[in-house]
1. Restricting to region 195-219, what's the tally of residues that are under 17 Å from A170 (Cβ atoms) and among the β-branched types (V, I, T)?
2. Among the residues of region 16-28, is any farther than 19 Å from L339 by Cα and charged (D, E, K, R)?
3. Quick check, is E269 more than 20 Å from M6 (Cβ to Cβ) and among the acidic types (D, E)?
4. Show the residue pairs meeting these rules: Cβ distance below 9 Å; 6+ apart or different chains; first residue within region 218-238 and within 10 Å of P340 (Cα to Cα) and basic (K, R); second residue in a strand (DSSP E or B) and open to solvent by 30 Å² or more (accessible area, probe 1.4 Å).
5. Please enumerate the residues belonging to region 157-173 that are in contact with a Phe, Trp or Tyr (Cβ under 8 Å, 6 or more places away or on another chain) and surrounded by fewer than 24 Cβ atoms within 10 Å (Cβ to Cβ).
6. Please state which one of D207, D150 is among the charged types (D, E, K, R), part of a loop (DSSP other than H, G, I, E, B) and modelled with pLDDT under 95.
7. Restricting attention to region 6-35, which residues are farther than 24 Å from E290 by Cβ and charged (D, E, K, R)?
8. Could you pull out the residue among S236, S224 that is among the hydroxyl-bearing types (S, T, Y), more than 30 Å from I155 (Cα to Cα) and out of contact with any strand residue (DSSP E or B) (no Cβ under 6 Å at 6 or more places or on another chain)?
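The values are calculated or read from the model by the stated rules, or taken from the named source; none is laboratory data. Keep in mind the model is a prediction, meaning the values are calculated, not measured. Quick reminder, even Gly has a Cβ in these numbers, built from the backbone with ideal geometry, and neighbours come from all protein chains shown. For accessibility, only protein heavy atoms count, side chains too; no ligands or nucleic acids. Shrake-Rupley method; radii C 1.70, N 1.55, O 1.52, S 1.80 Å.
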Amino acid sequence: MKFGAMVATKIDDWKLLAECESLGYDHGWVPDSQMIWSDCYATLALAAANTTRIQLGTGVAIAPTRLAPVTAHSIASIARLAPGRVFLGIGTGHTAMRVMGMKPMVPREFREYLRVVRGLLSGEEVEYTHGAETRAIRFLNVDRKFVELDEPIPIWVAANGPGALRAAGAYGDGRISALNEPPEMTRRSLAAIANGAREVGRALPADFHSAALTTAVVLRPGESLASERVIDACGSQVAAAWHYAWEGWRMNPAAGAPVPPALVGMFEEYCAYVDKMETPREKRYLQVHEGHCAFLVAAERRFVTPGAIRSWILAGTPEEIIGQLQAAERAGLREITLLPPIDSARDLFRDFAKQVIERY
């Protein structure tokens, strides 16, 4: 099991990744969401220049906001600062597009995007379509080392839906899922990824990486999931899960509430809360994602319940968390990636490292 530290992308907080390196984290992830955070590649450059061991990458880069050649060149530029320890996490843009009131990239376009990026990072010439034109493209002047292509840059695909899972199998070296995925769901997802690989005649690599994005709270003696410190520690991630569920329901109301059965009643309350937001309905996207994974909006605190925490967050005593991770590893998970709230990230990263990583 690998351990990842994801930081809400605030460029002057890049030192958090250097601290996570010293704490024993294997991977440092920097998210890409242009309307709410700093630039991920600028932040990665600072981290790459000031670390020596930790693997660094985007968590995740957003396909619709950058052309495929631009994404390839951006991560290959970071690799010049940290050759052999850079990865590209890439996704369709759930939050980055939703906060502009727009839809994520559709699976067919995402699949083509991955094909182009994978080819370019492999040093190949690829057919690339932009608008109505299709041309052969490749990186020029590679020998002058403007970008780093000699060391592999693995592509880890953010995938939960069937189309993205198949695309991960076709063109990815790994996959990252949203939230603390149950072991049985991990097994199903990995099976879908393997099917995607077979569809293109590809054998899935034995070291195919599988990561899950959540956060973790190590309970102290006498604490419960309803404790104020626990809510502070994981509330921003739980709230982001409610945001995600609301967006899913809004896209397809006929499918019902996209939450575990035990949370359906709370989800209905959350939808009523969103319906009463002060932002005009046509601009509701400007308010729904406020605080996304970085801080908890006070009005949403009531939705951070023990049931929601159990469903989406890695929480418990050190022994309980280790047991959950061991079960996840048996199901095929290879990394747990933590994104704590920005105000307490340093303490939470340190606590998890001491209580869990050192004992795992």
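1. Number of matching residues: 1.
2. Within region 16-28, the subset farther than 19 Å from L339 by Cα is none.
The answer is no, given that none of the residues of region 16-28 is farther than 19 Å from L339 by Cα and charged (D, E, K, R).
3. yes
4. Note: no pairs meet the criteria.
5. The answer is G163, D173.
6. Numbers: D150 fails: modelled with pLDDT under 95.
Only one candidate passes the filter, namely D207.
7. K15, E19, E21, D26
8. Among S236, S224, only S224 is among the hydroxyl-bearing types (S, T, Y), more than 30 Å from I155 (Cα to Cα) and out of contact with any strand residue (DSSP E or B) (no Cβ under 6 Å at 6 or more places or on another chain).
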